[in-house]
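Worksheet for the structure shown next.
Each reported figure results from applying straightforward, stated rules to the coordinates on display, with no laboratory input. Quick caveat, the model's predicted, so the values are computed rather than measured.
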């Protein structure tokens, strides 16, 4: 894992964790993309389809570690979505990530 700090970019004051994990929509149980980076207030999502701005949804991020999946349920809202550097991929900002209440 790597950290990114944009000291030359005054708009970005949060350190970002560069991590590539699968992101699932828990309503459809489909992988909607991969995280490009994460920080304390959200993440950037890389996806094949454009995520609608202001869409709120329940997601889970999944990381594989030694044949075991680590899953974290979250609630997110899309702030913006745009075509990425790769014309086949979209980037979107997911904000207000909140842990979903665990059902026991």
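Of note:
- Cα convex hull of the range 20-99, projected area averaged across orientations, nm²: 5.2
- Net lengthening on full extension, residue 18/residue 71 (0.36 nm per residue, minus Cα-Cα): 17.3 nm
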